[in-house]
1. Go through region 144-178 residue by residue and tally those that are out of contact with any Ser or Thr (no Cβ under 7 Å at 6 or more places or on another chain), under 26 Å from Ser229 (Cα atoms) and of a type outside the set (Val, Ile, Thr).
2. If you check Arg115 against the conditions, is it touching a His at 6+ places or on another chain (Cβ under 9 Å) and either touching a residue at least 40 places away in the same chain (Cβ under 8 Å) or not basic (Lys, Arg) (or both)?
3. Hey, among the residues in region 214-244 that are of a type in the set (A, V, I, L, M, F, W, C) and at pLDDT below 90, which one's farthest from Ile293 (Cα to Cα)?
4. Let me confirm something: among Leu53, Leu32, Leu38, which residue is buried (at least 18 other Cβ atoms within 10 Å of the Cβ) and among the aliphatic types (A, V, I, L, M)?
5. Scan region 138-186 for residues that are basic (Lys, Arg) and either touching a Cys at 6+ places or on another chain (Cβ under 6 Å) or touching a residue at least 12 places away in the same chain (Cβ under 8 Å) (or both) and jot them down.
6. Identify all residues within region 192-241 that are more than 23 Å from the chain's Cα centre (by Cα), basic (Lys, Arg) and either assigned to a loop (DSSP other than H, G, I, E, B) or closer than 17 Å to Asn168 by Cβ (or both); write none if there are none.
7. Scan region 226-264 for residues that are under 26 Å from Phe313 (Cβ atoms) and of a type in the set (Phe, Trp, Tyr) and jot them down.
Amino acid sequence: MELISEESVSELLQAQTHIWNHIFIFKHSMVLKCAVQLGIPDVIHKHGKPMTLSELVSSLSIHPSKTQYVHRFMRILVHSGFFSQQNLDGVPNQEAYSLSQSARLLLRDNPSSIRPFLLMVLDPVMTKPWDCLSTWFRNDEVAAFSVAHGKTIWEYTGQDPRLNNLFNEAMASDSILASKVIVSKCKGVFEGVNSLVDVGGGIGTMAKAISEAFPHIDCTVFDLPHVLSDFQGSKNLKYVGGDMFESVPPADAILLKWILHDWSDEDCIKILQQCKQAIMRNGKHKVGKVIIIDMVRENQIGDKVSTETQLFFDLEMMVNLSGMERNEKEWAKLFFDAGFLNYKIHPVLGLRALIELYP
């Protein structure tokens, strides 16, 4: 047997641990999903103060035979930063759990909750395509989702009300947080805008926030008919069904929130061209714009965690759709290929940005 140096042993063991961690990394997602489904963040929040293990166990709807495992389950969630542990005053060797800021974003009743997004992304329908990646690389399907399910994600959601609702709730929950930031930090973006069409606006959460913050703006939610079938407008908000590849209703401003990253460059150019025509149809002498809320890859230089998150999103687009997360150079090429002349990026949404696009 060949002898290896102490330094080589250390490197090999580190490499082994690195591989193990990536083999098991999906457990972070599955444990977090289980914690949300069991309502652990909500139970601790409702308790109103740090909660001991025995108090937590007695408050969860779990089988008595599983109570012995809760401390092991919570151990990884504490390690991951979703909960913290602290010693209770006057009670030796008694620790209690508290929520981190991340866990507060998973509360069911938090208006800015990311819970619906988590449940959608980690739904078995959405995770199954990841098991088909090697098959997808060997065939000519556009996305691994089609390999797993025999249809595109849009065809699937159009036929499956459960997944369609999951998707709409996930997008709506994100829009609540995004709209708060946009309305407070980007008021100037809406100056001179009297009409706005939210393309692919889902159930209208973003458009509703804009219509309430800027009552002078007539807002239209534009999406596929099956998405909007149960919604009716009010005051300065209305719903219009249609296909963004065929036509977009005219307006001073066209909003595309988390739309373009779903699509290939070719499809994005088609969408942007329809948006440009909608602006031009709105009036010969009034110059409108497209407002894009999407990720700008590499906008968090030097931040390893943020870079990894952007890369995860990029793979999500590749596997389940036909899109990608783009850096500024790739965005600029799309804009100019679609016939636009200028753009301005506002890095106000963390890993995402608000982009003003002018014809």
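1. 19
2. So Arg115 fails the test.
3. For region 214-244, the residue satisfying everything is Phe231.
4. Leu32
5. Lys180, Lys185
6. Lys235
7. Phe245, Trp258, Trp263
Each row is one residue, and each column tells you yes or no for (1) among the β-branched types (Val, Ile, Thr); (2) buried (at least 20 other Cβ atoms within 10 Å of the Cβ); (3) in contact with a strand residue (DSSP E or B) (Cβ under 8 Å, 6 or more places away or on another chain).
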| position | (1), (2), (3) |
| --- | --- |
| Asp267 | no, no, no |
| Met295 | no, yes, yes |
| Val305 | yes, no, no |
| Glu328 | no, no, yes |
| Ala353 | no, no, yes |
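The values are calculated or read from the model by the stated rules, or taken from the named source; none is laboratory data. In this text the structure is predicted, and so the values were computed from the model without any measurement. Heads up, the Cβs are rebuilt from the backbone with ideal geometry, glycines too, and the neighbour counts pull from every protein chain shown.
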